[in-house]
1. Roughly how big is the range 30-178's charge dipole about its Cα centre, with Cβ charges of +1 (Lys, Arg) and -1 (Asp, Glu), in debye to the nearest 20?
2. Which FRET efficiency value, to the nearest 0.05, do you get for Asn129 and Val66 by plugging their Cβ-Cβ distance into 1/(1 + (r/R0)^6) with R0 = 25 Å?
3. Within the accessible area of the chain, what % is carbon and sulfur when the probe is 1.4 Å and the other protein chains stay in place?
4. Which entry in [x] 0.98; [y] 0.94; [z] 1.06 matches Rg/Rh (Cα atoms, Kirkwood Rh) derived from the coordinates of this structure?
5. So between Ser165 and Ala111, what do we pick up on full extension, going 0.36 nm a residue minus the alpha carbon distance?
6. On average, how much accessible surface per residue is there in the chain, in Å², for a 1.4 Å probe, leaving out ligands, DNA and RNA?
7. Let me know the charge dipole size of the range 1-99 about its Cα centre in debye, to the nearest 20, where only the beta-carbon of Lys, Arg (+1) and Asp, Glu (-1) is charged.
Amino acid sequence: MATTEISYTPTLGTLTKWTFSGWFKKSAPTGYQQMIAVPSGSAYTVIKFETAGQISFENYDSGGSVAGQLKTTRIFRDCSAWYHIVAVWDSANATPGDRMKLYVNGVEETAFTTEVNPDSSETSTMCANVVHWIGANNGSDYFDGCMSWVQLVDNAALAPTEFGSVDATSGIWKINPS
């Protein structure tokens, strides 16, 4: 398997509100695989497939302590399916349960084996002026499969309908063409 990752360093953005969206098709049903990782010393934000197939959205503070985490109960192992993943970080939201959201194919995930809501106005490393790794974490934990339409939107907590919609004919969640 060839390993490839994309890295970029954005200008400093809003660390308390952003939306990540991407389409992912796994080549292997299991295995620890990064969709995006943003390490900055002991602080980092990551969205990944866990070894058993769950999706994990994690944020750690500068001391390396969990400052927000969602780990799905649901397992994602279908190698023939494209999964549209949307992760929303909005730590200034007044409702603790709405500060982190995770959607798969337009449907909000609500059952988690781990759910730690961030404190009000907790910062993340996403949108910080540090290297953002797409498809890996600094040269390791490569994503094994295909990715498409990977987007990071600064200073916006967007719904999955900004990126996709249900096709009226097939009933399948598809990318919005515009």
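The values are calculated or read from the model by the stated rules, or taken from the named source; none is laboratory data. Keep in mind that what you see is a predicted model, and the values were worked out from it rather than measured. Quick reminder, even Gly has a Cβ in these numbers, built from the backbone with ideal geometry, and neighbours come from all protein chains shown. Protein only, heavy atoms only, side chains kept; ligands, DNA and RNA dropped before computing areas. Shrake-Rupley method; radii C 1.70, N 1.55, O 1.52, S 1.80 Å.
1. 260 debye
2. Efficiency, rounded to the nearest 0.05: 0.60.
3. The C+S portion of the solvent-accessible surface of the chain is 49 percent.
4. Correct label is [y].
5. 17.2 nm
6. On a per-residue basis, 45 Å².
7. That gives a dipole near 240 debye.
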